[in-house]
Amino acid sequence: MPSRKFADGEVVMGRWPGSVLYYEVQVTSYDDVAHLYTVKYKDGTELALKESDIRSQSSFKHRKSQSSSSSPSRRSSSRSRSRSRSPGRPARGRRRSASQSREHKDDKKKTIQETSLALPVLVLLKPSENNTKRYNGEPESTEKNDTSCIILEQKLKPDLEVKRVLEQYSLHSRKDDKKKEEIYSEKKTFVAVKPIEKVPTKTKELEFGGRIGTFMMIFLLPATVLYLLLMCKQDDPSLLNFPPLPALESLWEGKAFGIFVLWFLLQAVFYLLPIGKVVEGLPLSSGRRLQYRINGFYAFILTAAAVGVLLYLGFELHYLYDHFMQFAVSAAAFSLALSVYLYVRSLKAPEEELAPGGNSGYFIYDFFIGHELNPRIGSFDLKYFCELRPGLIGWVVINLAMLLAEMKIHNLSVPSLSMILVNSFQLLYVVDALWNEEAVLTTMDITHDGFGFMLAFGDLVWVPFVYSLQAFYLVGHPTTITWPIAAAITVLNCVGYYIFRSANSQKNNFRRNPADPKLANLKFIPTATGKGLLVTGWWGFVRHPNYLGDIIMALAWSLPCGFNHILPYFYVIYFICLLVHREARDEHHCKQKYGLAWERYCQRVPYRIFPYIY
């Protein structure tokens, strides 16, 4: 076991990955397993560096120029005579012994190496302030709207700086310099083709209350779903009227579980169909990009056709309403089994395929968060599939079942206005998500969180059975609303949807092509990662305008249920808590990722979600 060289809190010089530039950093921790130091730059950026990429500050100090001669008397006598010497005049060093000559050569070689090490680093760190600012996340100006300028600068500036310094300060022969330039040009080509490989480290900052919090949530989430569904079945679903617990044997039905498994497999078949375009996701830590087939909207169309055929053949869809509790329990059991499988297979996954947030080494925490980032069976991406397909499309089918159940139970020829509004609003939301399926590839669920119990239960149970709570509530508690109120609620939903969609489109278009002339009016703050932080449009209004639109729509979905009980408003209350928590997670990750640039963005856009409030 090699001993560590640098202590926690020690200020050293760390090499910026992919370059020859060294910056002052502070050692924060050391990983004994991966033998990596976690260092923090002045702008707040944290990186994991090898010991070979870290040097003490003393090695970067200027050394006074002195003669290579080892004789002090000669140095003193040389002060009083001319420094020039006739080319034909022999040097005094030739009269020395062979051993002195060898020592002289060794000293001279050492001085040259030290000088060639110190000079380029000092020149790059001090005179070239613009280059240093760019790596520290400090833009040359506070805001920019010339995207082509920053892209060109990122590609050319570091290479030109290094080349200029090597030419100016190299003390080696021209032949050696030429060889170094060839090697460096090959290195540049390699870096341009393949991004820097980062070795994942252990997750140190545990979320959701750590091991104890995640252990409790594994039981609390299913209990919450069960409680909400039992409350909706009561005649008086008030908070003080706690529902009686049903018999355990009544919660399980083999037919319901079989139908759920068939539903899951049907969506898997639709996912594997060779229709729709194939796109690449964001680069992984190894530099590799995974491919994803974008055909969620086609899967929705095929599902709608299949449901239509079933209704035509006389299948009673309100069977879902009659056995809603059994379907929820079946989905929970399936998600638990899937989570166990995901964790077991993650134990054999390569280190670079583990999730940044679910690699803590604690079984319960990693099981809940997800240990593997992108678990796949061949080309079948389990996390990406579950994110939008079975749960989201199932949500629409459940709403339709509730609409048909309302008509049958209350002998209605047409659904109630409240039920129509709830179904229409939520259908629009699902269709929008499937139509813009590619945008999910940049979300935290895909890029940061592993696939474990949290996402498996959330995608397969929480989304279809909790998000459809308003429609389920209206079946047993019909609510009559007037057309003017319905029109006002519709306007509110449209406002929320407009904010949500335009903000997301603005962000996605800017990420895909910052140099698009259509986005020339948008201003941004450049960052050390090469990305820009928008400070105009919706993203200059609040930091998360898409969350604001989401919350407005959630309120519009609950209003058709009236104000007799708070139960239909559970969704909007939960959603506010969820998005506030997610915003805090985003804030933490962005501060680590963008450093000083994020601080400037927060000064420019002070409000997080609600303008002038939060």
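The values are calculated or read from the model by the stated rules, or taken from the named source; none is laboratory data. Since the structure is predicted, the reported quantities are computational estimates derived from the model, not experimental observations. We place every Cβ from the backbone using ideal geometry, glycine too, and count neighbours over all the protein chains shown. Remember, those area values only see protein heavy atoms, side chains included, never the ligands or the DNA or RNA. Shrake-Rupley method; radii C 1.70, N 1.55, O 1.52, S 1.80 Å.
A few comments on the model shown:
- Hits in the range 250-280 - residues which are in contact with a strand residue (DSSP E or B) (Cβ under 6 Å, 6 or more places away or on another chain) and assigned to a loop (DSSP other than H, G, I, E, B): Gly276
- The set of residues in the range 243-264 that are modelled with pLDDT of 90 or more and exposed (fewer than 11 other Cβ atoms within 10 Å of the Cβ) comprises Gly254, Leu262.
- Residue selected from the range 340-385 under the condition in a strand (DSSP E or B) and aliphatic (A, V, I, L, M), by the criterion nearest to Leu273 (Cα to Cα): Ile377
- Filter pass, Leu206 being surrounded by 15 or more Cβ atoms within 10 Å (Cβ to Cβ), modelled with pLDDT of 80 or more and either within 20 Å of Leu373 (Cα to Cα) or within 20 Å of the chain's Cα centre (by Cα) (or both): yes
- Just one of the listed residues (Glu599, Glu583) is open to solvent by less than 20 Å² (accessible area, probe 1.4 Å), at pLDDT 80 or above and within 25 Å of Leu206 (Cα to Cα), namely Glu583.
Conditions (1) in contact with a Pro (Cβ under 7 Å, 6 or more places away or on another chain); (2) more than 26 Å from Ala299 (Cα to Cα); (3) at pLDDT 90 or above; (4) open to solvent by 50 Å² or more (accessible area, probe 1.4 Å), marked per residue:
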residue	(1), (2), (3), (4)
Ser339	no, no, yes, no
Leu342	yes, no, yes, no
Arg345	yes, yes, yes, yes
Pro350	no, yes, no, yes
Glu353	no, yes, no, yes
Tyr384	no, no, yes, no
Glu387	no, no, yes, no
Pro390	no, no, yes, no
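- Remark: Thr480 falls outside the filter, which requires a residue to be part of a helix (DSSP H, G or I) and surrounded by fewer than 19 Cβ atoms within 10 Å (Cβ to Cβ).
- Any chance Ile377 is β-branched (Val, Ile, Thr), out of contact with any Cys (no Cβ under 7 Å at 6 or more places or on another chain) and at pLDDT below 95: yes
- Residue within the range 443-456 that is in a helix (DSSP H, G or I) and free of Cβ contacts under 8 Å to residues at least 24 places away in the same chain present: no
- Comparison of Val463, Val491, Val475 shows that the only residue that is open to solvent by 10 Å² or more (accessible area, probe 1.4 Å) and within 20 Å of Trp395 (Cβ to Cβ) is Val463.
- Close pairs (6 angstrom Cβ cut-off, 6 or more residues apart or separate chains): in contact (Cβ under 8 Å) with a residue 60 or more places away in the chain and more than 12 Å from Leu421 (Cβ to Cβ) in the range 471-493, in a helix (DSSP H, G or I) and open to solvent by less than 30 Å² (accessible area, probe 1.4 Å) anywhere: Phe472/Cys232; Phe472/Met402; Tyr473/Cys232; Tyr473/Cys561; Tyr473/Pro568; Val475/Met402; Val475/Ala405; Val475/Glu406
- Test: residue in the range 504-523 that is within 18 Å of Tyr607 (Cβ to Cβ) and not in a helix (DSSP H, G or I): yes
- Residue check, Glu438 under 30 Å from Ala355 (Cβ atoms), among the charged types (D, E, K, R) and either assigned by the TED database to the domain that holds Arg293 or not in a helix (DSSP H, G or I) (or both): yes
- Among the candidates Ser82, Ser29, Ser67, residue that is polar (S, T, N, Q), open to solvent by 70 Å² or more (accessible area, probe 1.4 Å) and either in a strand (DSSP E or B) or at pLDDT below 70 (or both): Ser82
- Considering residues of the range 32-56 that are open to solvent by less than 70 Å² (accessible area, probe 1.4 Å) and among the polar types (S, T, N, Q) only, the residue nearest to Trp598 (Cα to Cα): Thr45
- Residues satisfying the stated conditions in the range 602-614, i.e. in a loop (DSSP other than H, G, I, E, B) and modelled with pLDDT of 80 or more: Val605, Pro606, Tyr607, Arg608, Ile609, Phe610, Pro611, Tyr612, Ile613
- Just so you know, in the range 1-26 the residues that are of a type in the set (D, E, K, R) and open to solvent by 70 Å² or more (accessible area, probe 1.4 Å) include one that is modelled with the highest pLDDT, and it is Glu24.
- Any hit, the range 383-391, residues being over 17 Å from Asp459 (Cα atoms) and in contact with a helix residue (DSSP H, G or I) (Cβ under 8 Å, 6 or more places away or on another chain): no
- Contact map, the range 406-433: first residue modelled with pLDDT under 95, second residue assigned to a helix (DSSP H, G or I) and basic (Lys, Arg), Cβ cut-off under 8 Å, separation 6 or more or different chains; pairs are Asp432/Arg501.
- Gly308 in a helix (DSSP H, G or I), surrounded by fewer than 17 Cβ atoms within 10 Å (Cβ to Cβ) and not hydrophobic (A, V, I, L, M, F, W, C): yes
- Residue match in the range 424-435 (condition: touching a Pro at 6+ places or on another chain (Cβ under 8 Å), assigned by the TED database to the domain that holds His323 and open to solvent by less than 10 Å² (accessible area, probe 1.4 Å)): no
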